[in-house]
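The values are calculated or read from the model by the stated rules, or taken from the named source; none is laboratory data. Values in this document were obtained by computation on a predicted structure and should not be read as measured data. Here Cβ is always computed from backbone atoms with ideal geometry, including for glycine, and neighbour counts include all displayed protein chains. What goes into the accessible areas is simple: the full protein's heavy atoms, side chains included, and nothing from ligands, DNA or RNA. Shrake-Rupley method; radii C 1.70, N 1.55, O 1.52, S 1.80 Å.
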Amino acid sequence: MGTKTKVLAICQREIPSALVGVNKLLNYLKEKDVLEFQFVESIHVKKSHIAETDVLVCIRGSEQLELNIVKECKRLGKYIIYFLDDDLLSVPDNANSSGYFNNEFIRSTIIQIMRESNCLWSTNKNISRKYEDIFAKTVVLDAPALLLEHYKQNNKKEEHDTITIGFAGGLDHKFFLEELLEKPIQSIINRYNGKVKFEFFGAKPAFVDKFGLQYIPYESDHNSYRSTMLSRNWDIGLAPLPSSSFHGCKYFNKFLEYGAIEAAGVYSNVEPFNHIVENERNGILVQNTCEEWAHAIGSLIDNKTLRKTITDNAKSQLEKDFNIDTISEKLTEQIPEICGYSAPAVSERQVELEDAPKSFILYKIANVIRREGFNAPAFIIKKVFTWIEHRF
């Protein structure tokens, strides 16, 4: 066999998007001896990394140092893939990350990275359609249902009298959880007092304390997040989402997670959930009204057979279509360069790249000061308080 394609993936941190969307797949292909792969945090990329690679995967790149890496890779004839699982150019104002992604310098940097790249790899057809004019090639691929790998037979639910209803999601979900779920949950609590238990993992809407619901702090580490999800004994999973162009570009992670842990999912009847959920087959789709949410949750509480039908169908679908072998095979079919591209040979001396900062924290602080100017202290304090608020 000839020399295998060398793939380098970069991201500011190995965030869940990087781990689930890209690194797990490429490591799987590496283990199958299809390609060579390494992940390096953007700040730690060296000239040697660039010299040795054939294909660069830039995961949600938005920083100047990532643009510099992409430009140098392009100059040296590397094949460049930009991975995007969120519409970073349309982040709503109420999102915790809006101050960052709506900054004009960051927006300009993202667009420049897109224009320097050969291929867009996304998890949502709406992202592909929105940016297809920028790229020579766009590809839409599902992410694998990684929780399936760890969900063992002894995780099977035991018979119990209390129905546990859960939500898992990032901190930004707080705002629309309060808007969409407070009244339905209050209705369910009043109707099924003592028969149901609610748990919120990650986002903490104000009604958690108001109703005395269980809260599990957000876990940014994926292994910790996975362990927490596998430890939940949820009968029903909640997945509310507003109808907007930004949210319509997200991925249906909740379907993968709830299906894997055998929780019957209730989903807003909006994109992207209605791309995958078929009502009363592998989930429940509802309009975002108090009445429909309360009715759907109540029907699953009352109807054990419906819950079983949904969880069985969802899990079977994940096992068939969202296993890592199937998704990785689609990746090599739709982006053959990932295992078949050979860049021109270059030496480390030919790579023109400034040395990266030694400290990620100091680098980020310097960037905030450069972007925000006199507003930098207030920006940093706000981020710290947001973190504290969702840890306790």
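Solvent exposure of the chain amounts to 46 Å² per residue of accessible area, where only protein heavy atoms count and the probe is 1.4 Å.
Rounded to the nearest 500 deg cm²/dmol, what is the calculated helix-only ellipticity per residue at 222 nm for the chain, with -39500 (n - 2.57) per DSSP H run of length n ≥ 4? Could you put the intermediate results ahead of the total?
Working: 16 runs with 164 residues, N = 392.
Taking each H run of at least 4 residues, the total per residue is -12500 deg cm²/dmol.
Using θ = phi - 60° in the Karplus curve 6.51 cos²θ - 1.76 cosθ + 1.60, the 3J(HN,Hα) couplings for segment 62-68 round to 8, 9, 4, 5, 6, 4, 4 Hz; x is entered for Gly and Pro. Taking Lys and Arg as +1 and Asp and Glu as -1, the other residues whose beta-carbon sits under 13 Å from that of residue 331 total -1.
Against the chain, whose longest principal axis comes from its Cα atoms, helix 104-116 is set at around 70 degrees. Put a plus charge on the Cβ of each Lys and Arg, a minus charge on the Cβ of each Asp and Glu, and nothing anywhere else: the dipole of the chain about its Cα centre is then about 440 debye.
How many percent of all Cα-Cα pairs in the chain sit more than 37 Å apart? Tail fraction, whole percent: 25.
Given the pairs 4/315; 24/183; 71/125, which are separated by over 28 angstrom at their Cα positions?
Working: 4/315 35 Å; 24/183 39 Å; 71/125 26 Å.
Over 28 Å apart, Cα to Cα: 4/315; 24/183.
Of the accessible area of segment 233-332, with the probe set at 1.4 angstrom, what percent is carbon plus sulfur? Working shown, then result.
Numbers: 1620 of 3600 Å².
Ligands and nucleic acids excluded, carbon and sulfur reach 45 percent.
Under a 5 Å amide H cut-off, with hydrogens placed 1.01 Å from N, residue 138 pairs with 120 among residues at least 5 apart or on other chains. For the chain, the longest principal axis of the Cα atoms and the long axis of helix 360-372 meet at an angle of about 90 degrees.
Quick one: if the Förster radius is 51 Å, what FRET efficiency do residue 111 and residue 321 give, using the C-beta to C-beta distance and rounding to 0.05? Efficiency, rounded to the nearest 0.05: 0.95.
Using 7 Å Cα-to-Cβ label points, what is the residue 125/residue 348 separation (nm, one decimal)? So the two model labels end up 4.7 nm from each other. Extents of segment 93-137, largest first, come to 31, 21, 13 Å (Cα atoms, principal axes, whole angstrom). Measuring between their Cα centroids, segment 125-151 and segment 1-21 lie 15 Å from each other. Please go through the residue pairs 130/204; 130/330; 204/304; 30/330; 137/320 and name each one whose alpha carbons sit more than 24 Å apart in this structure. Beyond 24 Å: 130/204; 204/304; 137/320. Highest mean first, the peptides 131-144, 230-243 sorted by other C-beta atoms within 10 Å per residue fall in the order 230-243, 131-144.
Highest average first, the peptides 102-110, 165-173 ordered by how many other beta carbon atoms sit within 10 Å of their residues are 165-173, 102-110.
Determine the distance separating the Cα centre of segment 52-117 from the Cα centre of segment 183-200; give it in Å without decimals. After rounding, the separation between the Cα centres reads 43 Å. Over the Cα atoms of segment 1-127, what is the Rg over Rh ratio if Rh follows Kirkwood? Radius of gyration relative to Kirkwood radius: 0.97. Computed on protein heavy atoms with a 1.4 Å probe, the accessible areas place 199, 31, 262, 329 in the order 31, 329, 262, 199, largest first.
Can you tell me the dipole magnitude for segment 258-329 around its Cα centre, using point charges on the Cβ only (Lys, Arg +1; Asp, Glu -1), in Debye to the nearest 20?
Values: 6 positive and 12 negative charges, 52 e Å.
I would put it at about 240 debye.
When the square roots of the Cα gyration tensor eigenvalues are ordered a ≥ b ≥ c, the ratio a/c for segment 228-296 is 1.5 or more and a/b does not exceed b/c, which makes its shape oblate.
Using the alpha-carbon atoms, what tilt in degrees (0 to 90, nearest 10) does helix 290-302 show relative to the longest principal axis of the chain? With both axes taken from Cα atoms, the answer is about 70 degrees. Residues whose amide H falls under 5 Å from that of residue 12, counting only those 5 or more places apart or on a different chain, are 42, with hydrogens built in the peptide plane.
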